[in-house]
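The values are calculated or read from the model by the stated rules, or taken from the named source; none is laboratory data. Treat the numbers as computed from the prediction; the structure is a model and nothing was measured. Positions of Cβ are backbone-derived with ideal geometry, glycine not excepted, and every protein chain shown enters the neighbour counts.
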Amino acid sequence: MTGTSTRPAPQFTSHSPDRRAFLRMTAMTVATALARRPGIADELQAPQPPGGSDLPIIEGVTWNKAPCRFCGTGCHVMVGVKDNRVVSVTGDRQAEVNKGLLCVKGYHVGLALYGEDRLKKPMLRRDGMLVEISWSEAIDIIAQRINSNPSRFAMYGSGQWTVPEGYAANKFMKGGLSNNHIDPNARLCMASAVTGYISTYGVDEPYNCYDDLDHCDTLILWGNNFAEMHPVLFSRVVDRRLRGQQVELIDLTTRHTRTSQQADHVLIFQPHSDLAIANCISHQLIERNAWDREFVERFCHFRGPGEPPTLKGEPITFEQFRDFVAQYTIEKTAQISGLSAEQLAMLGDRFADRSRKVLSLWCMGMNQHTQGTAINNLVHAIHLLSGHFGRPGDGPQSLTGQPSACGTVREVGTLAHALPGDLRVDDEKGRRIAEDIWRLPEGRINPTPGYHAVLMWEKFCSPSVAADAIDTLWVQVTNPGQTLPNLHKLFRGIKGNKDKFLIVSDVYPTATTELADLILPSAMWVEKNGIYGNSERRTQQWFRMITPPGEARDDCWQTIAVAHRLFELGHPGMKTKDERFLFYQANEAGEEIPIWNWERYYEINVDERLYEEYRAFSRAKHKDLAPYQVLVKTRGLRWPVVQGEDGEWHETNYRFVEGHDPYVAPGKTVQFYHSVTGDDRALIWFRPYVPPPETPDEEYPFWLDTGRVLEHWHTGTLTMRIPTLRKAMPHAYVEINREDAKRLDLRDGDLVRVETRRGSMELTVWIDGRANCSSGHLFVPFFDQRKLINELTLDAHCPFSKQPDYKKCAARIMKVPS
Amino acid sequence: MTMDRPPFSHSPASKLSSRWGTVLGSLACGLGLAGFLTGINQQTAPRDRQSLNWTKPSEETLGALAPAPTYDQIDSRIYGFNRDWRSDLSRLRQDNPGLLDPVIRTPEMKAQALQDRLRTRAFDTAPPAVPHPVDQRTAESCLACHGNGMTIAGKTATRMSHPLLTNCTQCHVEQAGSVPQVLAAHTNLSNNAPEAAWPPGNRFDGVKRAGPGTRLLPGLPPTIPHTLHMRDDCMSCHGLIARPGIRTTHPWLQNCRQCHVANDDLERPAVSIFARKTDAAQR
């Protein structure tokens, strides 16, 4: 029997009208005309939807552009606003980054504003209870507290800070209070990438951009779950296959993830052995004589770590480099890493083949690493050694996690050692430039770097009798109570300690507000003006579209208000050398506008004023930013943005490469003009394999890895309040290998206890759920506020970047008796 | 020699019983033989077809019936009755209406269709969440049903409305995540929020529907009241296997946009397309 229906296949058959068809058409037209009359409806059985059938038609929606609030990809969205409410979100087709596509978080970003427990009033903790207070009281409390002991005050900021917010905080701390204890949560995510870039090229941030995704032949992922973490960029690569392009995806990973499902080669390696693998590739290149001699001789030097190892290292010769990497033979590396000889040889093949464009991408796997700087150095080294550098699609590119870790933290320099524009506090020339732009008396900026994140929280949790302790800490736009490693040590220590005062500016109650003494409700995303800088050096601007709820106010305003209260109290740091307020702003007539009064804050665009002031810094290291009004008209521009002779502003896709970067001198081909060695050359580093501080042993036989899932952003404070996302991923779990589960007699849904030397947690087992763990590994996502897995993680950090390692520590697992 | 009497004695009684015995025996044998012969006869006699209620199948059916395989063919023949089995979902018998079938649509049906769309969407232009459990997450497995769309046994797998993209799960997540539910109560809550207060609700009140399309005059084709972004394939929502309330009345016409123009804010070009270049210079 051929087919069970004699009806034509729907939709696709071309229909040559014949007599029968014509009659049917006529009959149908008549029937339809009849059917439209009321009365026919009664005979039809349509199911009744719950809540009735009325749906309001919302007219008069205005649309505006904004970058997405979530990850470092920096997709652009169109936000639909009506009556001071966000009512719709769609992808922005004019954006180069995402071309209208979003991921599930981006599509639902509008809902992040409307959780029911949104913070609306400042609250002070008195006798254990949170009491609502006024803003003026809150600002006064903070100012008095700082004024009583300015050097024991610290600010903990964020890669989700807008550029003006971070700039205001940085200026307030370093230019006002002469206090360098300002460090961001990005210390926990991007610091190793920063030190990797600085020690290799002399200046931070990727030289390349997302154009690489459109041109690479082979994409190597170094320990990042690209498909879930940068989904729009992942799509950009794999959708090329639909157009008939061949893209080879090599997934270097410790567990088999959604990325691995779409990869051509999945190389599951032992945690931490990425150091050995990278050195092995360099070794193979030299052994096969496949390294790019010409490129290296023209544009690179070799560098070794020195004894003892330092960030700057020491120069070495090629022969020394060759001998160092020669230890990492395929056999030895196979032993350390668990990869096969064929897999390692395959990696060597890819880099040896100059005809293929090889793109390396990485994120937390390489950065959250006790040898984070080292592994970053090594991956840059492989590309420089093999000459896979400079062409679109060919090169190493670090991916950023947070929406403005690049734009705010790295560029504005909200790190304990940095100043805006990639300058350093311990460099006199940098201090002079900053003091000049900020109109400060000479010597205002403190030359001693402040406390980095882990140290800052250690000092905040240590008893106040210690001379160098921190007593007052102001957290903005981040949730350290959930994201710091080893939470019992670095966060819980303040509980009950009356000498300590924790100020938290946030939008929802979080694990951090639990222990806060003063909670300040903040405006979020399109409730304020903002500027973000994404992973490909693209600075993107947006305008305020709706007003924040209740008494929530911009973080930037909060900083300026506290600064002015200190100015009123007579703190000398709040004055410039012209005797003006540090954040003095005047209108066209020259009159000062009291922007520290919330009612007057939006009389001018404070964002624009601060940004234009900050732009001056950006020229220091050729990271020129476009003017604010130019950013308004575009979907972001990649710096250095240079005005051409035609008056147009031109962005730069590839730094250091002639023809792309306007600052490369003609004839130079590739010029690392901020080179560490001062001679336009990059450094090819050797860093040895150093074992991790904690490995599985008899007592704790498993590796514990922590990370993320597609549906949730960071600590879930926003995404767990979005029903679609919460229902799709409602709670944390522990992922375990199938064989291990069998051995331990565990099944899906069993309650188990996961323990490390630092803490213990009960979790649900999910075998081969989102990803497949290797034997001897456990994975727990950190988005669930009820399951603070960072109580178990280790605070050991990279010696140079100070970034902790969330991916590796030793754990054990046992069934909880029911 | 005189004939001796046989060894067994024939008394008159036993003579009588032995005679009867013979008669009975031969009667039994005769009956048996008769029965046997009758039975054979019955088996060989053809049965009347009428008595079996059997009508001869039509030539068409007979022609379509699979001939029984011979013994040596059994191993290699695909058995007739599983010839219709399809391992491809899209080739299963589907309940699609015919291209020219009458389309009955009422305002209530339309409202219900729009309401139904919201069961899986947070707002009108959000990507729908997946309302069924998902085991396979490759693009091919999603496309098996949603590539062309299908309706089987009353259940509809909607056709993808946007061009082919290969990372389905980055936008379409499961409506009820497949994380195993905790079997025991949380005993290690690390924060103070009481279980009852979690999760907090969300007061987002977004655009729930697009449209309706406007007509300048009655009888004119309505404008497209929604963005065309991610909605390139009109048949996905308005075609034959779509929700009845928003089904098009003329599915045989395939060049939708020759009559229906977009009237959504997001579809209007950012610059006036009728401005001359010289105008810009003069401004």
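Counting just the residues of segment B:136-167 that are within 13 Å of chain A (Cβ to nearest Cβ) and basic (Lys, Arg), which one comes out surrounded by the fewest Cβ atoms within 10 Å (Cβ to Cβ)? Taking the candidates together, the pick is B:ARG137.
Contact annotation: residue pairs with Cβ atoms under 8 Å, 6 or more positions apart or on different chains, pairing a residue in segment A:761-775 that is within 21 Å of A:THR793 (Cβ to Cβ) and within 11 Å of another protein chain (Cβ to nearest Cβ) with a partner that is outside any strand (DSSP E or B) and of a type in the set (Phe, Trp, Tyr), are A:LEU763/A:TYR733; A:THR764/A:TYR733; A:VAL765/A:TYR733; A:TRP766/A:TYR733; A:GLY769/A:TYR733. The combined condition, being crowded, with 20+ Cβ neighbours inside 10 Å and not in a helix (DSSP H, G or I), is fulfilled by A:LEU119. Within the option set A:PHE351, A:PHE389, being farther than 30 Å from A:VAL109 by Cα, buried (at least 22 other Cβ atoms within 10 Å of the Cβ) and in contact with a Gly (Cβ under 8 Å, 6 or more places away or on another chain) holds for one residue only, A:PHE389.
Put simply, of A:GLU612, A:GLU579, A:GLU603, A:GLU599 the only residue that is in a helix (DSSP H, G or I) and closer than 30 Å to A:GLN144 by Cβ is A:GLU599. Does A:THR724 meet the test of being within 26 Å of the chain's Cα centre (by Cα), farther than 29 Å from A:ARG93 by Cβ and among the hydroxyl-bearing types (Ser, Thr, Tyr)? Spelling it out, it is not the case that A:THR724 is within 26 Å of the chain's Cα centre (by Cα), farther than 29 Å from A:ARG93 by Cβ and among the hydroxyl-bearing types (Ser, Thr, Tyr). As a summary of the residue check, A:VAL475 satisfies the conditions (1) modelled with pLDDT under 95; (2) under 24 Å from the mean Cα position of the chain (by Cα) except for the one numbered (1). Please verify whether A:GLU435 is farther than 18 Å from A:ALA154 by Cα and in a loop (DSSP other than H, G, I, E, B), treating the condition exactly as stated. In short, no. Specify the residue that is surrounded by the most Cβ atoms within 10 Å (Cβ to Cβ); the eligible residues are those in segment A:57-72 that are within 11 Å of another protein chain (Cβ to nearest Cβ) and part of a loop (DSSP other than H, G, I, E, B). It comes out as A:ILE58. Among the residues of segment A:694-710, are any more than 26 Å from A:MET366 (Cα to Cα), surrounded by fewer than 19 Cβ atoms within 10 Å (Cβ to Cβ) and either in contact with a Leu (Cβ under 9 Å, 6 or more places away or on another chain) or not basic (Lys, Arg) (or both)? Yes, the conditions are met somewhere in segment A:694-710.
Residues that are over 25 Å from the mean Cα position of the chain (by Cα), farther than 30 Å from A:ALA326 by Cβ, buried (at least 19 other Cβ atoms within 10 Å of the Cβ) and touching a residue at least 24 places away in the same chain (Cβ under 8 Å) do occur in segment A:240-261. Inspection of segment A:145-162 finds a residue satisfying the criterion of being among the hydroxyl-bearing types (Ser, Thr, Tyr), crowded, with 24+ Cβ neighbours inside 10 Å and in contact with a Gly (Cβ under 6 Å, 6 or more places away or on another chain). Taking helices (runs of 4 or more DSSP H) as the structural unit, those lying wholly within segment A:155-240 and holding at least 1 residues that are within 14 Å of chain B (Cβ to nearest Cβ) correspond to A:211-215, A:226-229, A:231-238. For segment A:95-111, check the following and say yes or no: at least one residue is facing chain B (nearest Cβ under 10 Å), of a type in the set (Gly, Ala, Ser) and either surrounded by fewer than 18 Cβ atoms within 10 Å (Cβ to Cβ) or free of Cβ contacts under 8 Å to residues at least 24 places away in the same chain (or both). Within segment A:95-111 (the criterion being facing chain B (nearest Cβ under 10 Å), of a type in the set (Gly, Ala, Ser) and either surrounded by fewer than 18 Cβ atoms within 10 Å (Cβ to Cβ) or free of Cβ contacts under 8 Å to residues at least 24 places away in the same chain (or both)), the answer is yes, since at least one residue qualifies. Look at (1) in contact with a Lys or Arg (Cβ under 9 Å, 6 or more places away or on another chain); (2) farther than 27 Å from A:ARG303 by Cα and you find that A:ALA191 fails only one, number (2). Confirm whether A:ALA728 is more than 28 Å from A:GLY493 (Cα to Cα) and among the hydrophobic types (A, V, I, L, M, F, W, C). In short, yes. Would you call A:PRO271 surrounded by fewer than 19 Cβ atoms within 10 Å (Cβ to Cβ) and either part of a loop (DSSP other than H, G, I, E, B) or modelled with pLDDT of 95 or more (or both)? The answer is no for A:PRO271. Could you tell me whether segment A:483-493 includes any residue that is under 24 Å from the mean Cα position of the chain (by Cα), within 20 Å of A:GLU132 (Cα to Cα) and surrounded by 23 or more Cβ atoms within 10 Å (Cβ to Cβ)? Taking every residue of segment A:483-493 in turn, none turns out to be under 24 Å from the mean Cα position of the chain (by Cα), within 20 Å of A:GLU132 (Cα to Cα) and surrounded by 23 or more Cβ atoms within 10 Å (Cβ to Cβ). Among residues of segment B:208-225 that are within 11 Å of another protein chain (Cβ to nearest Cβ), those with a Cβ under 6 angstrom from a residue that is outside any loop (DSSP other than H, G, I, E, B), sequence gap 6+ or separate chain, pair up as B:ARG209/B:LEU114. Of the residues in segment A:124-138, not one is surrounded by 24 or more Cβ atoms within 10 Å (Cβ to Cβ) and in contact with a helix residue (DSSP H, G or I) (Cβ under 8 Å, 6 or more places away or on another chain).
Against the conditions (1) surrounded by fewer than 16 Cβ atoms within 10 Å (Cβ to Cβ); (2) within 11 Å of another protein chain (Cβ to nearest Cβ); (3) modelled with pLDDT of 80 or more, B:GLU174 satisfies every one except (1).
Kindly indicate whether any position in segment A:134-145 is among the acidic types (Asp, Glu) and either over 28 Å from the mean Cα position of the chain (by Cα) or more than 14 Å from chain B (Cβ to nearest Cβ) (or both). Scanning segment A:134-145 turns up at least one residue that is among the acidic types (Asp, Glu) and either over 28 Å from the mean Cα position of the chain (by Cα) or more than 14 Å from chain B (Cβ to nearest Cβ) (or both).
Do the conditions hold for A:ARG747, that is, is it within 14 Å of another protein chain (Cβ to nearest Cβ), without any contact (Cβ under 8 Å) to a residue 60 or more places away in the chain and of a type in the set (Lys, Arg)? So A:ARG747 passes the test.
Regarding segment B:125-134, can at least one residue be identified that is part of a loop (DSSP other than H, G, I, E, B), more than 8 Å from chain A (Cβ to nearest Cβ), modelled with pLDDT under 85 and within 22 Å of the chain's Cα centre (by Cα)? Yes, the conditions are met somewhere in segment B:125-134. Selection of segment B:226-252 for residues being of a type in the set (A, V, I, L, M, F, W, C), surrounded by fewer than 20 Cβ atoms within 10 Å (Cβ to Cβ) and facing chain A (nearest Cβ under 9 Å) yields only B:TRP252. Consider segment A:73-101 and keep the residues that are of a type in the set (Val, Ile, Thr) and in a loop (DSSP other than H, G, I, E, B). The one that is nearest to the chain's Cα centre (by Cα) is A:THR73.
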